[in-house]
Amino acid sequence: MKPRIITYCLVLYTLTTVPVFSQADYVPSASNLESREWFQDAKFGLFVHWGVYSVMGGGGDMGIAEWIMERKEIPVDQYEKLPDFFNPVAFDAAEWVSMVKEAGMKYITITSKHHDGFAMYDSKISDYNVVDRARYGKDIIGMLKEECDKQGIRLFFYYSQLDWHHPDYYPRGRTGNFTGRPESGDWDAYINYMNAQLTELLTQYGDVGGIWFDGMWDQWDAPWRLDETYALIHKLQPQTLVGSNHHKMPIPGEDFQMFEKDLPGQNSMGFNQTGIGELPLETCETMNGSWGYNIKDTKFKSTEDLIHMLVRAAGLNSNLLLNTGPMPDGRIQPENVATLKEMGKWLKQYGETIYGTRSGPTGAKKWGVSTWKDNKIFVHILGAEDPVLYVPMAGQKVAKAYAYGSGEKITFKKQSEGVLLSLPDISEDIIDYIIVLEF
Ligand code: FHN
């Protein structure tokens, strides 16, 4: 039997033998709970939006990259020419993963298939993938996973439920209506296809950190058969974390909650009109304004702003998944490499106040946030306006207070429920002035 047929049979077998438990009864396995703890300790990951769209570099428009097919109304038969131009000869998985490590990141979440429907891995269920159709012809995800395993970085797969290419993604939702696809299709066949691809991703590459869904927002009321998909993932890899960027409260069967371009509790983008649930949290953000590669988008955020975002995320119990859109030749944009290096340098010095912490007692304030680990509270002052700062201590007695790194003593006054800290003069150049409260 040919490998494609064997895989097809395997996938079919798996799909027909997964009992469809309602995910309302989902009880995470011990390994899943461990992954959640690991995830919350990890704090910092790299988001990678990479696909054949990178070849177009956004087509000369700001705000367009991985959405070029939709925004420029490119029909499927024309878009299908792109893979032949996709030849990232400078892609070096070892270099990427080393960069991630040097940045102090603990995991990578990469687009295994974005809305354009093109699989960046060796899919057997469809030849619309990087091995069969791209000039490059190699399994990018496979190469990256091998290197992640070597260097101890966990790999998560972004997977778009929305699909602008598959003919059975029908009825269509808000997008994908300029693709020239027939006005008919078998929705259930599409969900079977998606589950088959997820089965491939979860059986071809060893342990997977998580599945990062996106695209349900394209049509809320579609019969997504989530119970089945989530049960399938939990059966194939119980430790894998499931999350979905549906911009709503978590749905049963999910293991973490995500926020896009906003910290939990904020909603500057209009996406996050939801509350904060009980699950581990993650916030994703771009380093410029684009997810995929946009040649015109040079509005790179400063290292200081990104460190502040990471610290503020930690203070809200959230991870930061910071995005890069690799260039079509396979290299990471040099501006991103430089910033990540600087963030890594900062984390080398101050990582103890971030990794493995949980949010501290202050909540998020204009001046900053606090994190907490064991018998220490780390007060992160990101921009103080007031020389005196109050930290509620909920019954804990502060034994000493000092500046992280220099050890300089900080004067504090006990209050009935907390302490008042007298801040020294803080130089404007300090990205984050950290006071340690030991109790
Ligand atoms: O449409 C996508 C977009 O391209 C990108 O992948 C982001 C990442 O959070 N999510 C979607 C928009 O919500």
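The values are calculated or read from the model by the stated rules, or taken from the named source; none is laboratory data. As the structure is a computational prediction, the values presented were derived from the model and not from experiment. Note: ideal-geometry Cβ built from the backbone for every residue, glycine included; neighbour counts use all protein chains shown. Heads up: the accessible areas ignore ligands, DNA and RNA and are worked out on the full protein's heavy atoms, side chains in. Shrake-Rupley method; radii C 1.70, N 1.55, O 1.52, S 1.80 Å.
Computed with a 1.4 Å probe over protein heavy atoms only, the accessible area of R135 comes to about 140 Å². M56 sits with roughly 70 Å² accessible to a 1.4 Å probe, with DNA, RNA and ligands left out of the calculation.
Measuring nothing but how far apart in sequence close Cα pairs (under 8 Å, 6+ apart) lie, relative to its length, the chain scores a relative contact order of 18 percent.
Once all protein chains are placed together, I251 keeps about 50 Å² accessible to a 1.4 angstrom probe.
Overall, the chain carries a charge dipole of about 820 debye about its Cα centre when +1 sits on the Cβ of Lys and Arg and -1 on the Cβ of Asp and Glu, all other atoms neutral.
For the chain, the carbon plus sulfur part of the accessible surface works out to 52%, probe radius 1.4 Å. Which of the pairs K106/K150; K145/K248; K43/K106 have their Cα atoms more than 19 Å apart in this structure? Listed pairs above 19 Å: K145/K248. Pairs with C-alpha atoms separated by more than 28 Å, drawn from the list K296/K366; K345/K409; K101/K138, are K296/K366. Potential lengthening of the chain between S422 and F271 amounts to 50.5 nm, from the contour at 0.36 nm per residue minus the alpha-carbon distance. For the chain, hydrophobic long helices are taken as DSSP H runs at least 20 Å long by C-alpha position along their axis with mean Kyte-Doolittle hydropathy of 0.5 or more; these are 3-17. Note on the chain: helix-only mean residue ellipticity at 222 nm, from DSSP H runs of 4+ residues weighted -39500 (n - 2.57) and normalised by residue number, equals -8500 deg cm²/dmol. Between the C-alpha center of the stretch 287-326 and that of the stretch 106-123 there is a gap of 20 Å.
For the stretch 141-238, the set of chymotrypsin sites (Phe, Trp or Tyr not before Pro) satisfying both a DSSP loop assignment and a count of at most 16 other C-beta atoms within 10 Å is given as F178, W220. Between K397 and D262, full extension at 0.36 nm per residue minus the direct alpha carbon distance yields a gain of 45.2 nm. Classify the stretch 49-148 from the C-alpha gyration tensor, please: rounded if a/c falls under 1.5, else prolate or oblate depending on whether a/b exceeds b/c. Oblate, since a/c reaches 1.5 and b/c is not below a/b. Counting only protein heavy atoms and a 1.4 Å probe, the chain has 41 square angstrom of accessible area per residue. Charge tally around D255: other residues with Cβ under 12 Å, Lys/Arg +1 each, Asp/Glu -1 each, net -4. When both bridge partners sit in the chain, DSSP labels roughly 45% of those beta bridges antiparallel.
Remark: spin-label model distance K235-K138 equals 3.6 nm, labels positioned 7 Å along the Cα→Cβ axis. Toward the positive end of the charge dipole of the chain, with +1 on the Cβ of Lys and Arg and -1 on the Cβ of Asp and Glu, the farthest Cα among Q23, G363, L226 is that of G363. Free of any GluC sites (Glu not before Pro) that DSSP assigns to a loop and that have at most 12 other C-beta atoms within 10 Å, the longest stretch within the chain is 74-182.
If you take the beta carbon distance between K409 and E37 as r and set R0 to 25 Å, what does 1/(1 + (r/R0)^6) give as a FRET efficiency, to the nearest 0.05? Efficiency, from the Cβ-Cβ distance: 0.15.
Restricted to Cα atoms, the chain shows a radius of gyration and a Dmax of 22.9, 76 angstrom. By its C-alpha gyration tensor, with a ≥ b ≥ c as the square roots of the eigenvalues, how is the stretch 323-434 shaped: rounded for a/c under 1.5, else prolate for a/b larger than b/c, else oblate? It is prolate, given that a/c is not under 1.5 and a/b is the larger ratio. Once the C-beta distance of D149 and K373 is scaled by a Förster radius of 41 Å, the resulting FRET efficiency is 0.90 to the nearest 0.05. The overall shape of the stretch 338-382 is oblate: from the C-alpha gyration tensor, with semi-axes ordered a ≥ b ≥ c, the ratio a/c is 1.5 or greater and a/b is no larger than b/c.
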